[in-house]
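The next block holds one structure in the form of structure tokens; read it before the comments.
The values are calculated or read from the model by the stated rules, or taken from the named source; none is laboratory data. These numbers were taken from a predicted model, which means no experiment stands behind them. We place every Cβ from the backbone using ideal geometry, glycine too, and count neighbours over all the protein chains shown.
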Amino acid sequence: MEKIIKSRVIKYGDNVNTDVIFPGRYTYALMEPEEMAKHAMEDLDPDFQNKVKERHIIVAGKNFGMGSSREQAVSSLVYAGVKAVIAKSFARIYFRNAINNGLLVIEHKEAAEFIEDNDEVEIDTEKNEIRVKGKVFTFPPLPQEVLKIVEAGGLINYVKAKLEKEA
């Protein structure tokens, strides 16, 4: 994970369900990461694939990731190039799946309300700041172990590195 993530944003509203993040009809299909990425957000935003080429931060309203606990709803965004999601709130299981898959998630109501679609946003993970349009929002730091998991690209990579180090 980069210490500073700078990108324009794609903004969505409240209650973005895992079935629109990664359509349920693909849940049991075996796919390579590139194929999964192509289906990210296709039911919610048919233009997502074009937007995500240049915009790597999603901003959303409350309850982002509600619905089923499928990891594909996180990994498809990661494979598509999303580096962070800022939302008013997250479904708890989505929040944990995001960490397990190396996606930075930041819960910040005021920032999510303030940021508009296509704004240039800078996230500083060392200073715990979100900077946009001359305004700075601070967020509580993630616990060090959680940051290490995200920095490693997810829980599996984190555990592998830890086991290799101990061997």
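Brief remarks on what is shown
- Among residues of the range 79-94, those that are surrounded by 20 or more Cβ atoms within 10 Å (Cβ to Cβ) and outside any loop (DSSP other than H, G, I, E, B), counted: 8
- Qualifying residue in the range 127-145 (condition: basic (Lys, Arg), modelled with pLDDT of 95 or more, at negative phi and part of a strand (DSSP E or B)): yes
- Applying the condition of being modelled with pLDDT under 95 and not in a loop (DSSP other than H, G, I, E, B) to the range 21-30 and asking which residue is nearest to residue 90 (Cα to Cα) yields 24.
- Every listed requirement among (1) closer than 18 Å to residue 74 by Cβ; (2) of a type in the set (D, E, K, R); (3) exposed (fewer than 14 other Cβ atoms within 10 Å of the Cβ) is met by residue 43 save one, (3).
- Which numbered condition residue 38 fails, given (1) over 19 Å from residue 123 (Cβ atoms); (2) part of a loop (DSSP other than H, G, I, E, B): (2)
- Contacts under 6 angstrom Cβ, first residue in the range 42-68 being more than 20 Å from residue 111 (Cα to Cα), partner β-branched (Val, Ile, Thr) and not in a loop (DSSP other than H, G, I, E, B), 6 or more apart: 43/20; 44/20; 51/10; 67/18; 68/18
- Condition met for residue 74 (within 30 Å of residue 27 (Cα to Cα), in a strand (DSSP E or B) and not polar (S, T, N, Q)): no
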